[in-house]
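The structure under discussion appears below in the form of structure tokens.
The values are calculated or read from the model by the stated rules, or taken from the named source; none is laboratory data. Please read all numbers here as calculations on a predicted model, not as lab measurements. Please note: Cβ atoms are built from the backbone with ideal geometry, for glycine as well, and neighbour counts cover all protein chains shown. For accessibility, only protein heavy atoms count, side chains too; no ligands or nucleic acids. Shrake-Rupley method; radii C 1.70, N 1.55, O 1.52, S 1.80 Å.
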Amino acid sequence: MKKFTLLLIAIAFSVLRIQAQTLPYSDNFENYAVGNYLAVENPTWWTTWSNAPGTGEDAKISDAFANSPTKSVLVDETGGATDLLMKLGDKTSGNYELKWMMYISSANCGYYNLQHFQSPGIEFAMEVYFRTSGAGELLAGSATAIPFTYPKDTWFEVKHIIDLDADLIKYYVNGVMVSEWPFSYQAGSMTGTLQLGGVDFYAGAKSGSGEVPKFYFDVVSFQVMPTVLLEDDMETYPLDSYLAV
């Protein structure tokens, strides 16, 4: 009986662990205490560039600004530059939506990148600079940045639609599509690995700019896009004709 009970406990823990790693993943950070490190609180989905949760690379939970009720995640240089990684599991197939809300004050800038590998530093899939001025710069497949704008001192959405089966990513900022390109591209070249590894939220600024990196993110969501079985706008059919015919 004791062995059977232990077996049930082991199975239960295994099921919970599988569920914790199953999409969709969403988090508004309300369940974590202010001042705690995110990668310590949730190691299933978060770590740091050097795999050192609880250090200056980790990001702290903050209540200074929030898109959800009261809390968000702070990325800054205090105590060491934040270099937080969201682990996306080295996906090689499927169609995904990855999004979050961001807040950058008028005095600060922001930055993040996507990695082709969950182990960071192998290939940068894309890089995004949010300049202090409100200008944005996307690096995707070229050393020449694609420009965009974003709002200051307010929350805005950052969204990626990543179709690995079609090798395509569509990138949106504040509801506007900035660009689309083959996801296998690296940030600075048109060659790379067709794989989704992770997100790097880094307290970085454009080299030589003198800008001060500091931003907040909230309401993170990573999910599989639904399969579209039928899409029809009915424009190709004559008026008054029967649809089933």
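Quick notes on this one:
- Residue in segment 217-226 that is among the charged types (D, E, K, R) and open to solvent by 60 Å² or more (accessible area, probe 1.4 Å) present: no
- Qualifying residue in segment 191-205 (condition: over 20 Å from residue 90 (Cα atoms) and of a type in the set (A, V, I, L, M, F, W, C)): yes
- Count - residues of segment 135-144 that are over 19 Å from the mean Cα position of the chain (by Cα) and closer than 15 Å to residue 211 by Cβ: 1
- The single condition from (1) in a strand (DSSP E or B); (2) in contact (Cβ under 8 Å) with a residue 60 or more places away in the chain; (3) among the acidic types (Asp, Glu) that residue 211 fails is (1).
- Within segment 122-158, being assigned to a loop (DSSP other than H, G, I, E, B), open to solvent by less than 30 Å² (accessible area, probe 1.4 Å) and of a type in the set (A, V, I, L, M, F, W, C) holds for one residue alone: 140.
- Taken across segment 169-179, residues that are farther than 30 Å from residue 66 by Cβ and not β-branched (Val, Ile, Thr) do not occur at all.
- If you go through segment 214-231 and keep only what is in a loop (DSSP other than H, G, I, E, B) and under 24 Å from residue 164 (Cα atoms), you end up with 225, 226, 227, 228, 229, 230, 231.
- Going through (1) farther than 17 Å from residue 140 by Cα; (2) open to solvent by 10 Å² or more (accessible area, probe 1.4 Å); (3) not in a strand (DSSP E or B); (4) not aliphatic (A, V, I, L, M) one by one, residue 184 falls short only on (1).
- Lone unmet requirement of (1) in contact (Cβ under 8 Å) with a residue 40 or more places away in the chain; (2) within 25 Å of residue 106 (Cβ to Cβ) for residue 193: (2)
- So residue 71, is it in contact (Cβ under 8 Å) with a residue 12 or more places away in the chain and either open to solvent by 40 Å² or more (accessible area, probe 1.4 Å) or more than 22 Å from residue 103 (Cα to Cα) (or both): no
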